[in-house]
Amino acid sequence: MKKIQELYDGDRPREKLKHKGPAALKDHELLAVLIGKGTRGRDVLSLSRELASLLNEEPERIDFKRLRSLHGMGDAKTAQILAALELGRRLLLKERRSLRSAEDVWNELREYAGRQREHFLLLTLDGASRLIRKRVISIGTLNQSLVHPREVFAEAITDRAAGVIVAHNHPSGQCFPSREDRRVTERLREAGRLLGIEVLDHVILTREGWYSFSEEGEL
């Protein structure tokens, strides 16, 4: 991988953005523009590539502490990146998608359908069933101790959500709920009733399709 000093002037991120527009830049190049410069022993492109990888792998788990832990990321750079991410999120919220069916949910979360470990996911919705935010709540075998209503509804309350949809993938490819899936669903539904936040659906995801508790009359 070349360092920024080794690039032709026209290939450097700022110059490239200036002459070709932001759409021509790769993710790490856009991050390099935001970061500005590297530190002693850490070139800006090396840092931006690591940051891009982190954002792609764990987008829902990015916070100040996590970014600050990267070599070369000081308080100022960390704040710049988090501010840019939040601004982008707010702009996207103005064009929120409506989730009206389990198929919509599957399309929204299809990147998780083929994962080798179970991911339990939360979609928070406003009163018009428009997506507010999606999050990974836990990773591992689904059970009642791993998926606690506290984690689910704390996020929903933060988003001021009217309702939530939960989902998880089945690495086995079997598109049918287990006994534990049903226990977790019932527990979440009861907690939602107490808090006034409706659990609209629980969707099981596989590469080939989905199972919807709502559409099957189990919610």
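The values are calculated or read from the model by the stated rules, or taken from the named source; none is laboratory data. Just so you know, these numbers come straight off a predicted model, no measurement behind them. A quick note on method: Cβ atoms are made from the backbone with ideal geometry, for glycine too, and the neighbour counts reach across all protein chains shown.
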Exercise for the section: Report, by residue number, each residue of the range 76-132 that is among the polar types (S, T, N, Q) and closer than 27 Å to His148 by Cβ. Expected result: Gln116, Thr124, Ser129
Exercise for the section: Search the range 41-67 for residues that are in a helix (DSSP H, G or I) and pair each with any residue that is polar (S, T, N, Q) and surrounded by fewer than 15 Cβ atoms within 10 Å (Cβ to Cβ) when their beta-carbon atoms are under 8 Å apart and the residues are at least 6 apart or on different chains. Expected result: Leu47/Thr39
Exercise for the section: Can you tell me which residue among Arg183, Arg179, Arg187 is over 20 Å from Glu111 (Cβ atoms), of a type in the set (Lys, Arg) and in contact with a Pro (Cβ under 8 Å, 6 or more places away or on another chain)? Expected result: Arg187
Problem - Yes/no for Leu31 being part of a loop (DSSP other than H, G, I, E, B) and more than 28 Å from Leu205 (Cα to Cα) - result: no
Exercise for the section: Give the residue that is nearest to Ser138 (Cα to Cα), with candidates limited to residues of the range 53-84 that are among the polar types (S, T, N, Q) and surrounded by 12 or more Cβ atoms within 10 Å (Cβ to Cβ). Expected result: Ser53
Exercise for the section: Taking Arg187 as the residue in question, decide whether it is basic (Lys, Arg), touching a helix residue (DSSP H, G or I) at 6+ places or on another chain (Cβ under 8 Å) and at negative phi. Expected result: yes
Handout entry: Top-ranked residue of the range 33-52 - restricted to ones that are charged (D, E, K, R) and either farther than 18 Å from Ala23 by Cα or outside the structural domain of Leu85 (by TED's automatic domain parsing) (or both), ranked as surrounded by the most Cβ atoms within 10 Å (Cβ to Cβ)
Key = Asp43
